[in-house]
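The values are calculated or read from the model by the stated rules, or taken from the named source; none is laboratory data. In this text the structure is predicted, and so the values were computed from the model without any measurement. Using ideal geometry, Cβ is built from the backbone for each residue, glycine included, and neighbour counts are taken over all protein chains shown.
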């Protein structure tokens, strides 16, 4: 992925030196559950930590362009966030709307969000209450080792997926899904979550299409990296690996094939209107 010539976003908070607790993988049932959750991209803590009250939210000043230049991984993330800003600002403008840029928070171990305390083992997540995406960059090590999904474009896909949740929040989609989930069974709620997550995958593909047209970011093998990452974190594959069995009723993000299909839909069209996962019967 060609990213080094891109601009760096100013909407980055670097909390990695703020003294968060380091890791929670020491064992026990709670740790096992969190490890399973960590296998999924796009975890929304407003659903997972519902009822927790926000407190002591960090007021870390935004990182300035150049602050992360000695950390290539963090530097790459800042470029990807900037690319999402450019893409979604343009798309919203085409619809006569104004795009409100989110903040991406880099943390280590744990951090406070307006949705409660986020842990590294939860994986990357978006909090609609403060309009911030959160990521512990050690997750990228897990992508390479646990999920066998290496590559910088696979890493960019993770960021683009979380920013897509911000887009859904701005459009009121996330709020409607959350309200609907309160009125249906757990199984039906899971199905709604799947549609929300697959739409975020599609919107991540829209970002890749538009960013490539603007800056020619894609290199040979990049699309395959993203397809591999999407396959690696499908509900069916993860359940098979962790339990040995697959329980479709418990899916919250979609199968490997579904995640690949919807990302490719966004990537091939660059049209967010093609990402309507809620009105189709063929996910």
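Some observations on this one:
- For the range 118-137, the tally of residues that are at pLDDT 95 or above and outside any loop (DSSP other than H, G, I, E, B) stands at 8.
- In the range 75-95 there is at least one residue that is at pLDDT 50 or above, over 21 Å from the mean Cα position of the chain (by Cα) and in a loop (DSSP other than H, G, I, E, B).
- When residue 106 is tested against the conditions (1) closer than 17 Å to residue 171 by Cα; (2) within 17 Å of the chain's Cα centre (by Cα), the lone failure is (1).
- Per-region count, the range 219-244, residues over 20 Å from residue 144 (Cβ atoms) and either in contact (Cβ under 8 Å) with a residue 24 or more places away in the chain or assigned to a helix (DSSP H, G or I) (or both): 5
- Residues in the range 96-108 that are in contact with a strand residue (DSSP E or B) (Cβ under 7 Å, 6 or more places away or on another chain), farther than 14 Å from residue 11 by Cβ and in a loop (DSSP other than H, G, I, E, B): 108 alone.
- For residue 88, the criteria (1) surrounded by fewer than 24 Cβ atoms within 10 Å (Cβ to Cβ); (2) within 19 Å of residue 215 (Cα to Cα) hold in every case but one, which is (1).
- Screening 179, 186, 119, 131 for residues that are surrounded by fewer than 23 Cβ atoms within 10 Å (Cβ to Cβ), under 24 Å from residue 11 (Cα atoms) and either free of Cβ contacts under 8 Å to residues at least 40 places away in the same chain or within 15 Å of the chain's Cα centre (by Cα) (or both) leaves exactly one candidate, 131.
- Residue within the range 202-218 that is within 20 Å of residue 101 (Cβ to Cβ) and touching a strand residue (DSSP E or B) at 6+ places or on another chain (Cβ under 7 Å) present: no
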